[in-house]
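Notes follow once the structure below has been shown.
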Amino acid sequence: MEPISIHVNGRSFSRQAEPRTHLGDFLRDELRLTGTHLGCEHGVCGACTVLVDGEPTRACITFAVACEGREITTIEGYDDDAVMQCLRQAFTRHHALQCGFCTPGMLATARDIVLRLPEADEARVRLELSGNLCRCTGYQGIVDAILDVLQQQRANPDVQFEQLRQRAGAPRTAATARVTAARQAEPSLPSPGKPAASDTAADMAEVDPVAMARAKAKGNAIEVHFDVPHPVDRVWDFMGDLPAVASCLPGATIDTHEGERVKGSIAIKFGPMSAAFAGAARLERDDAARRAVLRGAGQDSLSKSRTQGDISYRLEALSAGNTRVHVDMVYALQGPLAQFSRSGLVKDFVRRMVADFGRQITRRLDGQAAPVDAPQATVSVAAVMWGVLWGRIRGWFGRPPRA
Ligand code: FES
Ligand code: FES
């Protein structure tokens, strides 16, 4: 148990919490604030969304102990909030309240949309709401209610809304400043979008071994292999040509490669979410053992997520003309994308991506050119995800009946 002090809905609380207790359980079980609902507990459904220092946050994937000194607002804490008052009335007018399970999270997200996107149209509202799932398929009323509030504000701006908008855009509370300062002080990860003076490839490529060990213990590791119908020496030579290797992965580019230092980027689109990771890595190759490890860190300028990881690969000669490439990945994610880091779907997705990567390597070794637009393309997640989902559906229905 660890002592924590947090501010919830304007009141200060000091309690003991297990390091593993998430904020959702802490709010419900310790503080009896049961308006925060828990659906998936995987960061997917959005039912548990609360404000942490003014930002919508999944309570189910935020540790309570990580909220030391921070300001939390739950659905019970909006009594005097002008935006929430308008939203409540609009939700009632548009029959947006159904079973109500998703409603606290929907309202927190709706408030964020109203404050952050005053010009949002229906398509944008739907996109922003895509992280909040409603089992009743009741989105129309919810979307109409948010559009109604936006329209009211465009027609008759409310001074309280403006103050809240300015506050949301201004530097946040002292607690946020402390967290931001602590994040910037983390030694191994560069701060998003701002290369520091020491932000050389060598500095960025340092991966924290403790973070990697933790990531592995938490299950953020993937082992996969693919076969290439070419001799092991030829495959090993090809794997040393990083720009050629990157051309086998849509969305990936190598910017510089000097000795063992590598800088590059990869763009990914995952449903409504886009990520463009830029980073640096150190490639250590053991020619005798035909194994290599790429250790690197990167940051996504879009979602402000940061990652670090090791990708090890080793080649095994299956026969004179066939090679197996074994790939082991261990990764740590911080920021908004971290909520997906342990989902089985993501692991399936990465496995499919690596399998595609293997097929592309075979094509290149067969003498086929890389697609001309490969460096600009993003990873074709839609196609890969469809394959993943279809594979899962087939798996569910293909299972033999239980005895
Ligand atoms: S319970 Fe937190 S996102 Fe579903
Ligand atoms: S109103 Fe029922 S799940 Fe959203």
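What are the residues in region 85-94 that are more than 16 Å from Val50 (Cβ to Cβ) and assigned to a helix (DSSP H, G or I), if any?
So in region 85-94, the residues more than 16 Å from Val50 (Cβ to Cβ) come out as 85-86, 88-94.
Passing the criteria: Gln85, Cys86, Arg88, Gln89, Ala90, Phe91, Thr92, Arg93.
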Report summary line: Note: among Ala90, Ala108, Ala96, Ala82, just one is touching a Ser or Thr at 6+ places or on another chain (Cβ under 6 Å) and either over 27 Å from Ser14 (Cα atoms) or of a type in the set (A, V, I, L, M, F, W, C) (or both), namely Ala108
Query raised in the report: Here are some residues: Ile113, Ile146. Which one is more than 24 Å from the chain's Cα centre (by Cα), of a type in the set (Val, Ile, Thr) and under 20 Å from Thr49 (Cβ atoms)?
Result: Ile146
Report summary line: The correct count of residues that are within 15 Å of Ile361 (Cβ to Cβ) and either among the small types (Gly, Ala, Ser) or buried (at least 21 other Cβ atoms within 10 Å of the Cβ) (or both) in region 285-312 is 1
Query raised in the report: Out of curiosity, is Ser12 open to solvent by 80 Å² or more (accessible area, probe 1.4 Å) and either under 17 Å from the mean Cα position of the chain (by Cα) or more than 10 Å from ligand 1 (Cβ to nearest atom) (or both)?
Result: yes
Requested in this report: State all residues of region 15-50 that are open to solvent by 10 Å² or more (accessible area, probe 1.4 Å), under 20 Å from the mean Cα position of the chain (by Cα) and of a type in the set (A, V, I, L, M, F, W, C); if no residue qualifies, say none.
Outcome: Leu38, Cys40, Val44, Cys45
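Filter region 95-128 for residues that are part of a loop (DSSP other than H, G, I, E, B) and within 16 Å of ligand 1 (Cβ to nearest atom) and give the result.
Start the filter on region 95-128 by keeping residues that are part of a loop (DSSP other than H, G, I, E, B), which leaves 95-102, 117-121.
Within region 95-128, Cys99, Gly100, Phe101, Cys102 qualify.
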Query raised in the report: Could you say whether any residue in region 64-78 is more than 14 Å from ligand 1 (Cβ to nearest atom), under 15 Å from Gly105 (Cα atoms), part of a strand (DSSP E or B) and in contact (Cβ under 8 Å) with a residue 60 or more places away in the chain?
Result: yes
Report summary line: Filtering region 51-65 down to residues that are more than 18 Å from the chain's Cα centre (by Cα) and either on the phi > 0 side of the Ramachandran plot or open to solvent by 50 Å² or more (accessible area, probe 1.4 Å) (or both) yields Asp53, Gly54
Query raised in the report: Is there a residue being touching a residue at least 40 places away in the same chain (Cβ under 8 Å), of a type in the set (Phe, Trp, Tyr) and open to solvent by 20 Å² or more (accessible area, probe 1.4 Å) anywhere in region 79-96?
Result: no
Query - Output for region 116-154, where each listed residue is among the aliphatic types (A, V, I, L, M), open to solvent by 60 Å² or more (accessible area, probe 1.4 Å) and either out of contact with any Cys (no Cβ under 6 Å at 6 or more places or on another chain) or at pLDDT below 90 (or both) - result: Ala123, Leu127
Query raised in the report: Just checking, which of Val50, Val44 is within 14 Å of ligand 1 (Cβ to nearest atom) and modelled with pLDDT of 95 or more?
Result: Val50
Query - Hey, Gln160 more than 16 Å from ligand 1 (Cβ to nearest atom), open to solvent by 50 Å² or more (accessible area, probe 1.4 Å), closer than 30 Å to Asp25 by Cα and not acidic (Asp, Glu) or not - result: no
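The values are calculated or read from the model by the stated rules, or taken from the named source; none is laboratory data. Because the structure is a prediction, the values reported are computed rather than measured. Reconstructed Cβ throughout: ideal geometry from the backbone, glycine too, with neighbour counts over all protein chains shown. Heads up: the accessible areas ignore ligands, DNA and RNA and are worked out on the full protein's heavy atoms, side chains in. Shrake-Rupley method; radii C 1.70, N 1.55, O 1.52, S 1.80 Å.
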